[in-house]
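Following: one structure in C-alpha cells, then a few remarks.
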Amino acid sequence: MKPYTVAAVQMNSLPEVEKNLTQAEELIELAANQGASLVSLPENFSFMGPEMEKLQQAEAIAEKTEKFLQHVARKFQIFLLGGSFPVPTGEGKVYNTSVIYTPDGEEVCRYHKVHLFDVKLPDGNTYQESATVSPGQSLPPIYRHETFGNLGLSICYDVRFPELYRYLAKQGAEILLVPAAFTAYTGKDHWQALLQARAIENTCYVVAAAQTGKHYSLRQSHGHAIIIDPWGVILSDAGEDPGVAIATIDPSHLEQVRRQMPSLQHRVF
C-alpha cells in the first residue's frame, strides 16, 4: 500500500445545525484541497447543545446530517467519517453514532458509542450522557480498505478503555479513529496522553478529530485535533482554533515499527 493523506477536522460546533454543517463543509474542503483522501469530523459535529434540546431535535438532526455526509463525500470525492451525531433509537433516546461514507456517498461502516460519559468533574461540572443516549450493543467495527488499511472505529470517552483498542488491534486495526468532544478540564491533562498510549501500545496510527472552544453556557471543549504515528510521535496538532490536522499515513512505517517493536506478538494474557 502507498502512503496517503488523512485529515482530522477541528470544529467549534453550536446548538445550530445549519451553521455547523456550513462550518464542516468549509473545513472538509480545506482538507480535500490539501490532498486528504480520508477525512474525519469530530463527535457531535452537527449539533453541540443541551442534551434535552438534542433529544427533541434528534430525528431532524440525523436526517440532515446523513444527507450532508453523503453529499460532501461525493462532492469532494473523499472517504468521510461523520465523527458522530445523534440517531434516534425508537425508544426515547439516541445512539451516539459514527458512520463512514465512500466517495460515492455509500455508507460502509456504522458504530454506536458503547462507553457513555457519566462523570462529575472536580471543576463542578456534571455530565450524564446516559440520560439521553443509549449505549451501543456491539463491539466497534473495522473497515478494511485496500488503500487505507484497517480502520478501527471508536468515539471520545472510549479512549479511556484500552481493552476496546486491544480488541480492535487483535482484529487487525492499523488506524484508530477517535472523533471526540473532550472537555476542556479533562483534555488539558488526559487527551494527548491517552491517545499516545493507545497508539504506542497497539502500534497503530491514531486520527482524532476534535471539538474546541465554548459551545454553549455549560460546555467547553479542549481542541487539539491530533494525528499520531505508531511510535507515539505527534504528526499534526490543530491547536485551539477551528481548522484541520493533516498528516501522511505511511503503511511501510507502520510495518517497520511493528517489526522493531513486536509487542502485539508478545502478549501473555
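Read-outs throughout are calculated quantities, based only on the coordinates presented, and are distinct from any laboratory measurement. Only a predicted model underlies this, so the values are computations on that prediction, with no experimental measurement involved. We place every Cβ from the backbone using ideal geometry, glycine too, and count neighbours over all the protein chains shown.
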Between 0 and 90°, nearest 10: helix 51-76 axis offset from the chain longest Cα axis: 50 degrees
Residue-averaged [θ]222 nm for the chain, counting only DSSP H segments that reach four residues, each worth -39500 (n - 2.57): -9000 deg cm²/dmol
Student exercise, the range 15-161 dipole from Lys, Arg, Asp, Glu Cβ charges, in Debye to nearest 20: 260 debye
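Can you sort Thr212, Thr97, Thr248 so the residue with the fewest Cβ neighbours within 10 Å comes first?
Going from least to most buried by this count: Thr248, Thr97, Thr212.
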DSSP-loop GluC sites (Glu not before Pro) across the range 187-268, with at most 10 other Cβ within 10 angstrom: none
Per residue Cα convex hull volume in Å³ - calculated over the range 92-184: 116 Å³
Residues Ser134, Ser263, Ser221 arranged by fewest to most Cβ contacts within 10 Å: Ser263, Ser134, Ser221
Cα-based Lys proximity count in the range 4-262, under 22 Å, for pairs eight or more positions apart or on separate chains: 23
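Using only the alpha carbon atoms of the range 1-66, find the Kirkwood hydrodynamic radius as the inverse mean reciprocal pair distance, in angstroms to one decimal.
Kirkwood hydrodynamic radius for the range 1-66: 12.8 Å.
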Size of electric dipole in the range 4-262: Cβ of Lys, Arg +1 and of Asp, Glu -1, about Cα centre, debye, nearest 20: 400 debye
Note, ³J(HN,Hα) from phi for the range 35-47, Karplus 6.51, -1.76, 1.60, rounded to Hz, x at Gly and Pro: x, 5, 9, 10, 10, 10, 8, x, 4, 6, 5, 8, 7
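With a cap of 10 neighbouring Cβ atoms within 10 Å, and only residues DSSP puts in a loop, list the trypsin sites (Lys or Arg not before Pro) found in the range 206-269. Kindly include the intermediate steps, with their values, before the conclusion.
Working: sites: Lys214, Arg219, Arg258, Arg259, Arg267; in loops: Arg267.
Sparse-neighbourhood loop trypsin sites (Lys or Arg not before Pro): Arg267.
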From phi via Karplus (6.51, -1.76, 1.60), per-residue ³J(HN,Hα) for the range 190-196 in Hz, x at Gly/Pro: 10, 3, 5, 4, 5, 5, 5
Karplus 3J(HN,Hα) series, Hz, for the range 117-124 with 6.51 cos²θ - 1.76 cosθ + 1.60 (x for Gly, Pro): 7, 10, 9, 10, 7, x, 7, x
Value in Å of the Kirkwood radius, where the chain supplies the Cα pairs that are averaged: 18.2 Å
